[in-house]
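Visitor: This is the structure I want to talk about, given as structure tokens.
The values are calculated or read from the model by the stated rules, or taken from the named source; none is laboratory data. Fair warning: this is a prediction, and the values are worked out from it, not measured in the lab. Ideal geometry is used to build each Cβ from the backbone, glycine not excepted, and the neighbour counts take in all protein chains shown. Remember, those area values only see protein heavy atoms, side chains included, never the ligands or the DNA or RNA. Shrake-Rupley method; radii C 1.70, N 1.55, O 1.52, S 1.80 Å.
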Amino acid sequence: MDVLADVLRVSGARGALGVVLKAGGTWGLFLDSSPGAALHVVSRGTVWLHVTGEEPLEVRAGDAVLVPPGTAHGMGGGVGVPMGSCDREAAARSFADGRALRLGSAPVQTEVIVLRYEQDPEVRTPVLTSLTRPMHVTARENAQLRRTVELLAAELAQPQFGTMAAVNSIVDVLLVQFVRAWLARHPQEQSGSWLGAMRDPVVRDALACVHARPEHPWTTETLAAATSVSRATLSRRFRSALGQTPGAYVTQWRIDLASVRLRDTDEPVESISGAVGYGSPHAFSRAFRRARGTAPGEYRSRLRR
């Protein structure tokens, strides 16, 4: 079971091209906080990332850095440069026209591709929203990621028939490659986040069981048996990695699955309740009301209104 792929699919963690920046000379740009995560991909030159409370981070050509949702941050051509506010109208015009947003002075020394990733607000499993610090992967750490960055830059440099379709696909691939590279090279960072939990093989195997068969009557005991560890070990590792019990995660994921199906399909509540692991519509309704504050039928009606 590819847990990451399953969570990205259900959570709707889709990416979109934000803007392409081309800069030279002395320049700095402050970006307001955003509900989505930002992936800054440097295709040329060097950028310094500035986040309050963090040391300035040097991001070089071929590198990528993922900034957590809601994180105000700045980018500049050096340390200590003044940060100008983002001209949203100019950025929107550049995006609409397919042109890069120019900063600083000529000649151009740095190019940055800004990507945005947002998660379905009806899904509470915190794939990206639990991140606490920027995640940085360098070009020398992962050749595959570097080649994908080069492919994206080439598509944007010479737009042609089908370019946006290609870009949208590359943007989604980049997120997966970035996370894969980060997990391989930075196993001690982002402890307590969903992505960080992937570095614990016991937790990862337990999550694979839940995601492969969400309708199964999982308990801490049965998950421990499926992963060949003791109940105490699974509970301890789960709390350390995700800050919750195995049972709480199972419930959270089932409610996430049900929420998406209630919104996006016309399936009867009875069918959905069985598909996500509840023995009766009454038990499902009770659990759903505790999690979402409303009955499944009312939830569906509200979203569709």
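Visitor: Evaluate the distance, in nm, between pseudo-label points positioned 7 Å from the Cα of Asp87 and of Asp266 along their respective Cα→Cβ axes.
Guide: Once both label points are built, they end up 5.0 nm from each other.
Visitor: What is the distance in Å between the Cα centroid of the range 104-146 and that of the range 226-305?
Guide: For the range 104-146 versus the range 226-305, the Cα centre distance is 30 Å.
Visitor: I'd like to compare 154-164, 210-220: which one has the highest average count of other Cβ atoms within 10 Å, and what's the full order after that?
Guide: Highest to lowest by the protection proxy: 210-220, 154-164.
Visitor: What ranking do 34-46, 139-151 get when scored by the average of other Cβ atoms within 10 Å per residue, highest first?
Guide: Ranking the peptides 34-46, 139-151 by packing returns 34-46, 139-151.
Visitor: What residue among Ala72, Ala206, Ala283 shows peak mean-square fluctuation when the chain is described by a Gaussian network model with Cα springs under 10 Å?
Guide: Comparing Ala72, Ala206, Ala283 in the GNM, the peak value goes to Ala283.
Visitor: Hey, what's the range 188-295 come to in accessible area per residue, 1.4 Å probe, Å²?
Guide: Ligands and nucleic acids excluded, the figure is 45 Å² per residue.
Visitor: Per residue of the chain, what 222 nm ellipticity follows from adding -39500 (n - 2.57) for every DSSP H run with n ≥ 4, rounded to the nearest 500?
Guide: Per the formula, -14000 deg cm²/dmol.
Visitor: Carbon and sulfur: what percent of the chain's accessible surface (1.4 Å probe)?
Guide: 51
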